[in-house]
Amino acid sequence: EAGVAQSPRYKIIEKRQSVAFWCNPISGHATLYWYQQILGQGPKLLIQFQNNGVVDDSQLPKDRFSAERLKGVDSTLKIQPAKLEDSAVYLCASSPVTGRQNEKLFFGSGTQLSVL
Amino acid sequence: KQEVTQIPAALSVPEGENLVLNCSFTDSAIYNLQWFRQDPGKGLTSLLLIQSSQREQTSGRLNASLDKSSGRSTLYIAASQPGDSATYLCAVRPGTSGNTGKLIFGQGTTLQVKP
């Protein structure tokens, strides 16, 4: 079974530039998550989709971050314009359904973003 | 507000030693607690999930315990091997998370097992 695919693996940009990350979840998984992991910290949830609808985006900095999952499959996370503090690993995860309290999440390898 | 803390931040042990990683959380209202492993440049792999009604879970050389009332969990690794070197993260699913899959993570413990 193929895992969660993310691209690119690494991205280096200058502050105020734009960047986009792509995620393809495990086939058939209805729920998709984007987490941000700053160096030395645990991951923090940015946004959760159930199919193509947003379930939770309470911690997404909406003035610069946006995400979409138009067809309920793959997803794109965008930052525009980037700030130095956005340097982090962006992890995508998926799960079969939500609402089941003890469901496991499956994580991709992440995209490491460096903002200079 | 739920907060998760892991101590120590880093740990170095000789091969073969048994070790314990600690995790504490501030709000006992949780659905479950999970332990993850993260290798450099890789994503997170779920190791063990303990439901709020359970006290422990075991998988091979790993044993995780949960004391919800005191807000503590431990991950016990028996007979450590160099291949166990990684960062170990614990995460709780808050009882207020409703139908979201939101996890609150600790900052992790980086383990090095020396041959």
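Where a number appears in this text, it was derived from the coordinates with a stated rule and is not lab data. Small disclaimer: the values here were computed from a predicted structure and weren't measured. Glycine gets a Cβ as well: all are built from the backbone with ideal geometry, and neighbour counts include every protein chain shown.
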Between residue A:58 and residue B:46, what is the spin-label point distance in nm, taking each point 7 Å from the Cα along the Cα→C-beta axis?
2.2 nm
Enumerate the calculated ³J(HN,Hα) couplings along region A:69-79 in order (Karplus 6.51 cos²θ - 1.76 cosθ + 1.60, θ = phi - 60°), each rounded to whole Hz, writing x wherever the residue is Gly or Pro.
9, 4, 9, x, 10, 7, 9, 10, 10, 10, 10
Report, in cubic angstrom per residue, the convex hull volume of the C-alpha atoms of chain B.
96 Å³
In whole Å, how far is the Cα centre of region A:22-37 from that of region B:65-106?
21 Å
Taking the alpha-carbon centroid of each part, what is the distance from region A:43-116 to region B:1-54 in angstrom?
22 Å
Can you work out the Karplus-derived ³J(HN,Hα) for every residue in region A:46-60? Use 6.51 cos²θ - 1.76 cosθ + 1.60 with θ = phi - 60°, whole Hz, and x for glycine or proline.
9, 7, 10, 10, 10, 6, 9, x, 7, 9, 8, 10, 5, 10, 8
Label-point separation in nm, residue A:10 to residue A:97, each point 7 Å along Cα→Cβ:
4.2 nm
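With r as the distance between the Cβ atoms of residue B:54 and residue A:2 and R0 = 30 Å, compute the FRET efficiency 1/(1 + (r/R0)^6) and round to 0.05. Before the final figure, lay out the partial values.
On the way: r = 31 Å, r/R0 = 1.03.
Once the sixth-power term is evaluated, E becomes 0.45.
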